[in-house]
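Shown next, in structure tokens, is the structure this report addresses.
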Ligand SMILES: Cc1cc2nc3c(=O)[nH]c(=O)nc-3n(C[C@H](O)[C@H](O)[C@H](O)COP(=O)(O)OP(=O)(O)OC[C@H]3O[C@@H](n4cnc5c(N)ncnc54)[C@H](O)[C@@H]3O)c2cc1C
């Protein structure tokens, strides 16, 4: 297997290749010139020196510890820039000498000029860093206290990216305000210094919203805004016109979501915004991303449970946004959802009236595509319009009764499974009695990956599994719910339903769901993820599409195995008896060609099985018995190429049509990643 070297820049310990780095630092035109020069590489030394200069510029851009070292040590700084200057002189001199091809020399010289410019810029920046930081600390410190302004490398590196691992720039500083009121002044001070503000909660975001996407960003870390003010009771009017008392939680934006959940739980209540990242995410991040988790099927996402929040806005204003009509349930498509926006004096400056279908398109239960939401500040804005400093959420009484169900879907495709999922979600709309609290599905790729022990007495594994938590306030309600669900399933011949007999068994049902990480065991836990939001009714069509892709990819990979084997045998050299080997090659080719024909035949009985490859491998190993090195290499090719097959696995979160699509890939295999993408 011939590997293409995408990295000549030293210290490139990133997922970026040279092209990405150079595009980022110098722009695409420079990359094109560099590629051209590299393709006609005349002097190896110059090329190495150019890459070293670029590597040095890049690593200082990326690594705050090295950057800090140059700030702290004028001696090191001097020697670093002197060496780089000398290297650039050597490259320029070599280019001048070799003016045989003037166009090439000009390109090299312009590259040297550019590196020199960047070097001087960096030199100026590092030389002026102490004074600049002093000025920033003085101005921001006046708002939040000097001790809450950080420049140390550890603070900078830990705010350089979020859960996306997307890295572009280091922040210029990290600010940790300790009180909500400080944030208005902080934003004004950042603006005054000509810098840019990015709010950050737990850094678990998957949209890159907390990534410094340009130079000169100050990260506003909200971790000190972590006070939970308490629970109070307020009056709400339900759909039936009845006024009821409901508990409301008031808290600051930097509170960890799980702390809010546990706080509510201690009072027998539920804080219903529960992303899987709750142990690390914050309330501000939940609002800014409109997060939701396992219980979204029952209570929706952050916007469904949010009653009010205060935001510090650029320009020195403080806004309070308040929902004026919460009916004590999640938002439905036919609802009208009203908010009022008030200034710091409490004067209502604007009202926002949204249709439920503007929040989520008809047919979708998770949909964050309408970022504007009629100009509603903060929600789904990924921190781009202001900083949320505190919030109020409705809490729900915890359900006392819970039953866990496991549904296994059999048959040739996902048609029945998707009809079942649609029917269940229609039949079990939340009416305040028995209701579905969690609905999680995983497909046959996961079933295979986790070695799922299916419960049905059937001879083939299921096509998909659905786990359901049903909740109710009374025994009568939960038993009625169970009967209704079981009766519903009687109409579906390919679906088997199982009820957990107690909490331990329910735990065991859910344990399978927690093992889904096994999908990427083959690729050392690395995978590409994409969330796709579908109307539930389209699930079957999507599953058919995924199935077809998986079959194509499997065949493509099997053919690659055979072709790699053929390519290897064409050049293989044994330790001894080359003539004997030579005589066997035509037979090996014949076996390989026959295997290719069988693979391309797409026989249903052998599709997605290892039958043809296993047979070919056995035949070849038999043919080359007595040639240990050849046999060893053949076995290695079979294993290595097969490891690189692309498999698309899906699981649906929260029964809301939010399908997580995962493709395990090797992080060091560019071809595999490109094919997967
Ligand atoms: C393992 C894992 C599981 C996840 N599971 C789920 C899930 O089940 N459901 C789900 O919806 N998401 C999930 N996510 C995504 C993520 O956790 C959520 O989006 C979460 O709400 C982000 O919160 P955070 O505090 O970490 O925000 P950050 O990552 O810190 O920031 C996210 C965005 O919010 C902005 N922001 C943060 N705080 C504020 C503030 N105070 N004011 C204004 N803007 C602010 C930031 O600028 C950024 O744009 C998961 C992520 C991971 C890594």
Consider residue 99 against the criteria (1) outside any helix (DSSP H, G or I); (2) at pLDDT 95 or above: it satisfies all of them except one. Which criterion is unmet?
-> (2)
Residue check for residue 176: surrounded by fewer than 16 Cβ atoms within 10 Å (Cβ to Cβ), assigned by TED's automatic domain parsing to the domain that holds residue 141 and more than 10 Å from the ligand (Cβ to nearest atom) = no
Scan region 274-286 for residues that are more than 7 Å from the ligand (Cβ to nearest atom) and either surrounded by fewer than 21 Cβ atoms within 10 Å (Cβ to Cβ) or in contact (Cβ under 8 Å) with a residue 24 or more places away in the chain (or both) and report the count.
-> 2
Given the conditions (1) over 22 Å from residue 638 (Cβ atoms); (2) touching a residue at least 40 places away in the same chain (Cβ under 8 Å), report the number of the one that residue 545 does not fulfil.
-> (2)
Out of 167, 104, 118, which single residue is assigned to a helix (DSSP H, G or I), within 35 Å of the chain's Cα centre (by Cα) and either in contact (Cβ under 8 Å) with a residue 24 or more places away in the chain or outside the structural domain of residue 208 (by TED's automatic domain parsing) (or both)?
-> 118
For region 478-511, the count of residues that are closer than 19 Å to residue 447 by Cα, part of a helix (DSSP H, G or I) and touching a strand residue (DSSP E or B) at 6+ places or on another chain (Cβ under 7 Å) equals 3
Go through (1) within 8 Å of the ligand (Cβ to nearest atom); (2) surrounded by fewer than 24 Cβ atoms within 10 Å (Cβ to Cβ) one by one and return the number of the condition residue 243 breaks.
-> (1)
Of all residues in region 643-668, how many are crowded, with 17+ Cβ neighbours inside 10 Å, more than 16 Å from the ligand (Cβ to nearest atom) and not in a loop (DSSP other than H, G, I, E, B)?
-> 3
Is there a residue in region 467-482 that is over 12 Å from residue 403 (Cα atoms) and either surrounded by 18 or more Cβ atoms within 10 Å (Cβ to Cβ) or in contact with a helix residue (DSSP H, G or I) (Cβ under 8 Å, 6 or more places away or on another chain) (or both)?
-> no
For region 255-269, name all the residues that are over 10 Å from residue 395 (Cβ atoms) and not in a helix (DSSP H, G or I).
-> 255, 256, 266
Residue count, region 287-323 (criterion: assigned to a helix (DSSP H, G or I) and either free of Cβ contacts under 8 Å to residues at least 60 places away in the same chain or not assigned by TED's automatic domain parsing to the domain that holds residue 384 (or both)) = 1
Can you spot a residue in region 182-203 that is more than 11 Å from the ligand (Cβ to nearest atom) and under 25 Å from residue 258 (Cβ atoms)?
-> no
All conditions in (1) crowded, with 24+ Cβ neighbours inside 10 Å; (2) away from the ligand (no atom under 13 Å from the Cβ); (3) more than 20 Å from residue 471 (Cβ to Cβ) are true of residue 271 except (3)
Identify, please: which residue in region 382-409 is touching a helix residue (DSSP H, G or I) at 6+ places or on another chain (Cβ under 6 Å), within 13 Å of the ligand (Cβ to nearest atom) and assigned to a loop (DSSP other than H, G, I, E, B) and is, among those, nearest to residue 468 (Cα to Cα)?
-> 382
Taking residue 60 as the residue in question, decide whether it is under 30 Å from residue 161 (Cα atoms) and modelled with pLDDT under 95.
-> yes
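Picking from 332, 376, which residue would you name as being within 15 Å of the ligand (Cβ to nearest atom) and buried (at least 17 other Cβ atoms within 10 Å of the Cβ)?
Numbers: 332 fails: within 15 Å of the ligand (Cβ to nearest atom).
Answer to the check: 376.
The values are calculated or read from the model by the stated rules, or taken from the named source; none is laboratory data. Worth saying up front: this structure is predicted, and the values here are computed from it rather than measured. Quick reminder, even Gly has a Cβ in these numbers, built from the backbone with ideal geometry, and neighbours come from all protein chains shown.
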